[in-house]
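Down below is the structure, laid out as structure tokens.
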Amino acid sequence: MIPEDLSYSEQHEWIRAEGKVGTVGITDHAQDALGDVTFVELPVTGAELAKGQEACAIESTKAAVSVYAPVSGKVVEANAELEDDPGLVNSSPYGDGWIYKIELSAPAELTSLMDAAQYGDFLATEGGH
Amino acid sequence: MPFIANTKAQREQMLAAIGSESVEELFADIPPDLQCGELNVPPGLTEQEVRTRIAALADRNSGGLISFLGGGFYDHFIPAALDAIVSRSEFYTAYTPYQPEISQGTLQAIYEYQSAICRLTDMEVANASLYDGGTAVYEAIMMALRVTGRRKVVVDETVSPIYRKMVRSYTSNLGIALVETPAAEGLPDRDAVAEQIDGDTAAVIVQNPNFFGCIDDVTDLAELVHQRGGLLVVSCYPISLGLLKPPGQMGADIVVGEGQSLGMPLSFGGPYLGLMASRLKYVRKMPGRIAGRTVDARGRKGFVLTLQAREQHIRRERATSNICTNEGLCALRALVYLSLLGKEGLVELARICAAKADYLRGRLLAVPGVTMRFGHRSHLNEFVVNLPMAADKVIRGLFGRGLAAGFPLVRYFPEMNNCLLVAVTEQRTKEDMDFLAHSLEVILCG
């Protein structure tokens with residue numbers, strides 16, 4: 001299940017760009033690999049992030065991983081729902097389990113990300129572990 | 001690494017196996033000035049000879065002094081029951097449990113220790129301990145930097161100079177702004193501290209009672225630092241909390257302290273115990289191990305190490321601390337000590353220490369030329385007196401009479417040449433204190 005309308009990073013983040021603002025989450029593959037998410041450390045609103053910089057962290061019952069910024073920009077909103085219900089990352093990775101919204105400072109960076117087909121190939125090869 | 005003895009024949013066999021003529025040839029690439037050469041090691045001794053030799057060395061120590069030394073480490077009585085309990089083989093390992101859930105007893109002890117520290121400090125969560133009071137201050141600073149994302153830390157001069165020195169050393173390569181504010185008559189100077197709190201200030205560090213033994217209510221400092229988005233870190237003396245307002249009630253965000261007074265014998269350098277407690281909302285930024293209580297699949301009570309995603313074995317270089325152990329045995333001592341003392345015992349102990357200090361203060365001030373420093377401040381069991389001559393000279397004189405009279409503040413405060421820091425615990429009798437006052441009078445007045 002890889003939605004067609006999103007862009008993907010090699011760190012398994014997705015971004016849905018709408019105008020100047022993009023919504024970021026982790027992919028179904030990533031949540032499945034993580035297992036039950038127990039805590040999402042949300043990014044600070046207003047934080048300026050460069051592409052590839054650590055935005056926040058996710059803890060599951062078996063690991064703790066960083067979530068990176070797939071593109072550069074400023075964090076404009078964090079998904080407060082995840083504070084009470086971090087399991088949304090598992091149950092709805094592309095929907096209610098979104099993590100933060102970023103105001104793109106360099107929209108051209110979107111072209112450097114993968115589309116759904118490319119991400120599918122990526123998972124099938126090197127990223128699929 | 002173990003020392004593995006080998007014979008000349010074995011060495012020759014090993015050299016032959018690697019094709020080397022001699023040990024000298026093997027190490028020939030090491031520049032001569034870096035080679036250790038012949039070691040000046042005397043021939044071996046028998047066990048009997050070693051015992052005689054070491055006993056003779058130990059005799060050169062000055063044991064049995066009547067001690068009024070404090071400065072963060074206090075001579076409290078340790079009940080024999082404490083050693084009996086912590087020496088049980090089930091407990092007798094200081095090492096951190098890495099397959100923790102198999103050690104339910106250890107985890108329960110840690111959990112109960114954490115609960116005791118939370119009640120003592122009136123905080124919401126405590127960790128399973130750190131190394132000592134000084135490293136606990138450093139860890140609190142690192143925690144405040146993580147919580148706030150800021151880069152400036154304000155440490156007041158009334159915090160132990162030993163801790164301040166440790167913090168300067170630990171943080172020297174971190175690129176943070178470490179500011180020390182000058183004290184005003186034995187307490188933090190509110191204006192000086194306020195001036196240093198800005199939008200980049202992660203934390204203000206204070207101590208209560210402070211290094212001069214002065215008691216402070218830092219509620220106003222907590223409000224001040226909170227207004228500007230920073231945290232207040234309070235270093236405490238746990239025995240004092242039997243009587244004093246706990247840091248949690250003053251608005252402290254992180255409470256640390258030296259746990260030595262909770263059943264650890266005084267020894268040069270430890271092992272001691274670092275206390276740390278915090279507000280629950282900052283727990284994920286806390287260093288160290290944390291034990292939690294839970295239920296197993298059948299609903300039975302059990303204990304686990306919890307919130308491990310903060311720790312090195314999961315979070316790697318992003319862990320909240322590079323301290324991956326705890327002072328397990330020392331924390332257990334603290335728990336057993338507090339349990340033996342009980343709630344009322346702790347209050348009574350603090351009261352006795354304060355009353356004895358009050359008595360000694362009266363006796364010392366009756367000696368001609370001795371005055372109180374910071375006399376208008378409140379004190380518990382420790383205070384500073386001004387002497388009519390250099391304090392270290394007086395200390396040397398009293399040493400000859402079997403007294404460790406106190407700590408010469410000039411060692412850390414050059415302008416306090418005549419100042420003596422005196423501490424009293426329940427261990428000091430009326431006779432001890434009378435003897436100190438009398439001896440001081442003899443030395444000062446001849």
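Structure notes:
- Strands (runs of 3 or more DSSP E) fully within the range B:360-446 that include at least 3 residues being in the same structural domain as B:VAL347 (by TED's automatic domain parsing) and surrounded by 19 or more Cβ atoms within 10 Å (Cβ to Cβ): B:382-386, B:419-423.
- Selected residue (criterion: nearest to the other protein chains (Cβ to nearest Cβ)) from residues of the range B:302-334 that are assigned to a strand (DSSP E or B) and hydrophobic (A, V, I, L, M, F, W, C): B:VAL304
Each row is one residue, and each column tells you yes or no for (1) under 14 Å from the mean Cα position of the chain (by Cα); (2) modelled with pLDDT under 95; (3) buried (at least 19 other Cβ atoms within 10 Å of the Cβ).
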{"position": "A:THR27", "(1), (2), (3)": "yes, no, yes"}
{"position": "A:GLY46", "(1), (2), (3)": "no, yes, no"}
{"position": "A:ALA57", "(1), (2), (3)": "yes, yes, no"}
{"position": "A:VAL71", "(1), (2), (3)": "yes, no, yes"}
{"position": "A:PRO93", "(1), (2), (3)": "yes, no, yes"}
{"position": "A:GLY97", "(1), (2), (3)": "yes, no, yes"}
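- Residue satisfying condition, being more than 18 Å from the chain's Cα centre (by Cα) and surrounded by fewer than 17 Cβ atoms within 10 Å (Cβ to Cβ), within set B:GLY186, B:GLY175: B:GLY175
- Any hit, the range B:310-318, residues being in the same structural domain as B:ALA109 (by TED's automatic domain parsing), farther than 30 Å from B:ARG88 by Cα, crowded, with 19+ Cβ neighbours inside 10 Å and under 24 Å from the mean Cα position of the chain (by Cα): yes
- Those residues of the range A:46-61 which are more than 12 Å from chain B (Cβ to nearest Cβ) and not charged (D, E, K, R), in sequence order: A:LEU49, A:ALA50, A:GLY52, A:GLN53, A:ALA55
- Wholly enclosed helices (runs of 4 or more DSSP H) of the range B:19-110 bearing at least 2 residues under 30 Å from B:TYR163 (Cβ atoms): B:80-86
- Considering the range A:77-129, the qualifying helices (runs of 4 or more DSSP H), each wholly inside and each with 1 or more residues that are polar (S, T, N, Q), under 19 Å from A:ILE58 (Cβ atoms) and in contact with a strand residue (DSSP E or B) (Cβ under 7 Å, 6 or more places away or on another chain), run over A:88-91.
- Any hit, the range B:257-268, residues being out of contact with any His (no Cβ under 6 Å at 6 or more places or on another chain), within 14 Å of another protein chain (Cβ to nearest Cβ) and among the hydrophobic types (A, V, I, L, M, F, W, C): no
- Residue within the range B:147-167 that is out of contact with any His (no Cβ under 6 Å at 6 or more places or on another chain), within 14 Å of chain A (Cβ to nearest Cβ), part of a helix (DSSP H, G or I) and surrounded by fewer than 24 Cβ atoms within 10 Å (Cβ to Cβ) present: yes
- B:VAL283 vs. criteria more than 14 Å from every other protein chain (Cβ to nearest Cβ) and either of a type outside the set (Asp, Glu) or out of contact with any strand residue (DSSP E or B) (no Cβ under 8 Å at 6 or more places or on another chain) (or both): no
- Of the criteria (1) touching a Lys or Arg at 6+ places or on another chain (Cβ under 7 Å); (2) more than 14 Å from chain A (Cβ to nearest Cβ); (3) not in a helix (DSSP H, G or I), which one B:LYS356 fails: (3)
- Just one of the listed residues (B:GLU180, B:GLU157, B:GLU185) is touching a residue at least 60 places away in the same chain (Cβ under 8 Å) and either more than 19 Å from B:ARG279 (Cα to Cα) or not assigned by TED's automatic domain parsing to the domain that holds B:HIS376 (or both), and it is B:GLU185.
- Qualifying residue in the range B:252-273 (condition: under 18 Å from B:ARG333 (Cα atoms), among the hydroxyl-bearing types (Ser, Thr, Tyr) and touching a Ser or Thr at 6+ places or on another chain (Cβ under 9 Å)): yes
- Filtered by the rule that a residue be in contact with a strand residue (DSSP E or B) (Cβ under 8 Å, 6 or more places away or on another chain) and closer than 20 Å to A:SER9 by Cα, the range A:48-63 gives A:GLU48, A:LEU49, A:GLY52, A:GLN53, A:GLU54, A:ALA55, A:CYS56, A:ALA57, A:ILE58, A:GLU59.
- The range A:23-44, residues that are in contact (Cβ under 8 Å) with a residue 40 or more places away in the chain, β-branched (Val, Ile, Thr) and within 12 Å of another protein chain (Cβ to nearest Cβ): A:VAL37, A:THR38, A:VAL40
- Scanning the range B:291-301 for residues that are within 28 Å of the chain's Cα centre (by Cα) and within 14 Å of chain A (Cβ to nearest Cβ) returns a single hit, B:GLY292.
The values are calculated or read from the model by the stated rules, or taken from the named source; none is laboratory data. None of these values were measured; they are calculated from a predicted model. Counting neighbours? That spans all protein chains shown, and the Cβs are built from the backbone with ideal geometry, glycine included.
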